[in-house]
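Contents: one structure, followed by commentary.
The values are calculated or read from the model by the stated rules, or taken from the named source; none is laboratory data. These numbers come from a predicted model, not from an experiment. Here Cβ is always computed from backbone atoms with ideal geometry, including for glycine, and neighbour counts include all displayed protein chains. These accessible areas exclude ligands, DNA and RNA; they are computed on the full protein's heavy atoms, side chains included. Shrake-Rupley method; radii C 1.70, N 1.55, O 1.52, S 1.80 Å.
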Amino acid sequence: MLPEGVAIDPLTGAMSSSTGEYSKRLSEFRGVYRDSAALEKMLAERGDIETYRVVEHRQPGSDIFFGTTTMAPGKVGYEYFMTRGHYHERRDRGEIYYTQSGSGLLLLQSRQGDVRTVEMKPGTCAFIPPDWAHRSVNTGSATLVFVWCCNQDAGHDYAEIAARGMRQLVLDRNGSVTLAPNPNY
Ligand SMILES: [Fe+2]
């Protein structure tokens, strides 16, 4: 394992050196967005578009790894495009998100019911404490790109957020980014 500099394109999230990537498509969000009719309509009109992509740089044997998440702009009904949202499997592992371009909102919640948001804008680094669930929401009209870094052994626990979402929804209300309580809680 040797030191390395990795160039990151702030507008696309592309990395000059990476070890893996995956993307999420609209059809994978059935049951995630509240307006299922709007989701089906979008699928019919635009096809199964990519809503976000994750590229990672992972060196086996290292404690940390990093990568980029690149999120398309868009809405399903009144809800902005968002990531699935997760806790880490290891409850003692936090993370950072450093926004490179675009604008969004980072939704966070603790297991005790605390809720916080951090604005995502170029130059802002969000600190995600251990055992806080996190979901990124692209509230802007441009692509949202951020760099993340966490422990390789943090792991992802998607189940709880998949079951009922997060405590707060991020909605477009008459052109304004608005937080609203999730009725599933
Ligand atoms: Fe995470």
Exercise. Of the heavy-atom accessible surface of the chain (probe 1.4 angstrom), what whole percent is carbon and sulfur?
Worked result: 50 percent
Seminar exercise, completed: The answer for the chain, accessible area per residue at 1.4 Å probe in Å², is 50 Å²
For this session: Using a 1.4 angstrom probe on the protein heavy atoms only, line up LYS41, LYS121 by accessible area, largest first.
Result: LYS41, LYS121
Exercise. For the chain, what does -39500 (n - 2.57) per DSSP helix run (n ≥ 4), summed and divided by total residues, give at 222 nm, in deg cm²/dmol to the nearest 500?
Worked result: -2500 deg cm²/dmol
For this session: For the chain, find the longest principal axis of its Cα atoms and tell me its angle to the long axis of helix 36-46, 0 to 90°, nearest 10.
Result: 70 degrees
Exercise. Ignoring ligands and nucleic acids, what accessible area does ASP63 show with a 1.4 Å probe (Å², nearest 10)?
Worked result: 100 Å²
For this session: Order the following by accessible area, largest value first: ILE64, ILE161, ILE49. Probe radius 1.4 Å; ligands, DNA and RNA are ignored.
Result: ILE64, ILE49, ILE161
Problem set entry | Candidates per trypsin sites (Lys or Arg not before Pro) in segment 1-31, loop by DSSP, up to 16 other Cβ within 10 Å | ARG30
